[in-house]
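First comes the structure, then the notes that go with it.
Please treat every number below as a calculation from the coordinates, not as lab data. This one's a predicted model, so the numbers in the text were calculated from it and none came from an experiment. Positions of Cβ are backbone-derived with ideal geometry, glycine not excepted, and every protein chain shown enters the neighbour counts.
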Amino acid sequence: MIIPTANAMAHLGHLLAKVCPFPCICHLGGDLGVGKTTLVRGFLHGMGYTGIVKSPTYTLVESYPFDQKTIFHFDFYRLGDPEELEYMGIREYFKQDTICLIEWPEKGNGFTPPPDIYISISHDADTRIVDLHAHSEPGKVMIKAYGVLLSSKKLGIAART
């Protein structure tokens, strides 16, 4: 799909939050500056979070509690060695009551479970191209439910031609 603005990217995140199950692992791929954190910010706001959403570039992870559930936002960009994830207890983050949103997942190289959904973001002139790839049954259900939401033409998001 074509995402023309940062607001549309945040709106995409907001919509994905509406159809994302617990538990869920979302990998976000793309170059620096394509809008991964903007999408996560929209996702968290779509879940009802009203505070500031910080990029975990230096902390590796930020947590956002919601009632009995938690959303973890990871950014592995500055990860020196994937083994560092083992030292921070990475396996403890992937539980039944969590959604894990992981930027730069390839830098985790085997220390994180496979994703339910992979969100690929790339540049195309002044817009972004976003592709959703399901890697599990929950991922397939999420993409199908998202397709229903996307049917509205007021979203500022267009299908790719």
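Things to note:
- For the chain, the longest principal axis of the alpha carbon atoms and the long axis of helix 6-19 meet at an angle near 70°.
- Net charge in the neighbourhood of Val40 (other residues with Cβ under 10 Å of its Cβ; Lys, Arg +1, Asp, Glu -1) is -1.
- Distance from the Cα centroid of segment 96-145 to that of segment 27-48 is 11 Å (rounded to whole angstrom).
- With the Kirkwood sum run over all distinct C-alpha pairs, segment 1-71 has a hydrodynamic radius of 12.8 Å.
- For segment 1-128, the Cβ-based charge dipole about the Cα centre amounts to some 400 debye (Lys, Arg positive; Asp, Glu negative; other atoms uncharged).
- Relative intensity of the chain on a log10 scale, I(q)/I(0) at q = 0.12, 0.13 Å⁻¹, equals -0.48, -0.56, per a Debye sum over C-alpha point scatterers of equal strength in the absence of solvent.
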